[in-house]
Amino acid sequence: MASDMGDLAARVRSLMALQQQRVLQLPLGGRFFDIVVTAGGPQAYAAMRVLDGIQHMGDEQLDACGPVIEDPHRSWLIWLVPPGTSEQWGAHRHALCLGRAHHIALPAMTTTEPPGPYWLRPCRRDRLVPPAALGQLLDQFRPGPAPHETLLGSVLSTIA
């Protein structure tokens, strides 16, 4: 129980840092999210636009697909998907899904353009990117090349 409280306190401090326009180091999996990493470029942007249409509701802005970070230096898109996705995501030719045992450095919530990693689609409290639709669209649009897991593991916590 005490270790759970320490973990909770660390996560609360991290979330407060993110709201205060600072970079946030966050473990993947757990209660927050996993990530899917793809190449950037026209094919990935096309998949994102289709997801915008799928997720769009009512009068909200059209950038509704769920949170996506662009890392222009590495030409990656990082899609935030529900926790546990990495346990169900099979091998994919155009993407890599990571969860527990990995960490990510999230850009500040106000960082919406380069230089450096930025929020291409905003982080909203009511949604993440739907993994099944994302996987199908990646098969359809085929962004590439897909990042390699070994490289990702060493880089994720330093992308900000």
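Whole-Hz ³J(HN,Hα) for each residue in the stretch 70-78, computed from phi via Karplus 6.51 cos²θ - 1.76 cosθ + 1.60 with θ = phi - 60°, x for glycine and proline: what do you get?
9, 10, x, 5, 9, 6, 10, 10, 10
Among the trypsin sites (Lys or Arg not before Pro) within the stretch 76-130, which fall in a DSSP loop and have no more than 14 other Cβ atoms within 10 Å of their own Cβ? List each step's numbers first, then the result.
Values: sites: R93, R100, R124, R125, R127; in loops: R93, R100, R124, R125, R127.
Those that pass, being in a loop and sparsely packed, are R93, R100, R124, R125.
If N is the number of residues in the stretch 42-127, what value comes out of its Cα radius of gyration divided by 2.2 N^0.38 Å? If you can, show how the numbers build up before the last one.
On the way: Rg = 13.3 Å, N = 86, 2.2 N^0.38 = 12.0 Å.
Relative to the 2.2 N^0.38 Å estimate, the stretch 42-127 comes out at 1.11.
Express in Å², to the nearest 10, the accessible area of C123 obtained by rolling a 1.4 Å probe over the protein heavy atoms while all chains stay in place.
60
Could you tell me how many cubic angstrom of Cα convex hull volume the stretch 82-129 has per residue?
Here the figure is 114 Å³ per residue.
The values are calculated or read from the model by the stated rules, or taken from the named source; none is laboratory data. Predicted model only: the values in this text are computed from it and were never measured. Counting neighbours? That spans all protein chains shown, and the Cβs are built from the backbone with ideal geometry, glycine included. Note: accessible area is taken over every heavy atom of the protein model, side chains too, but ligands, DNA and RNA are not part of it. Shrake-Rupley method; radii C 1.70, N 1.55, O 1.52, S 1.80 Å.
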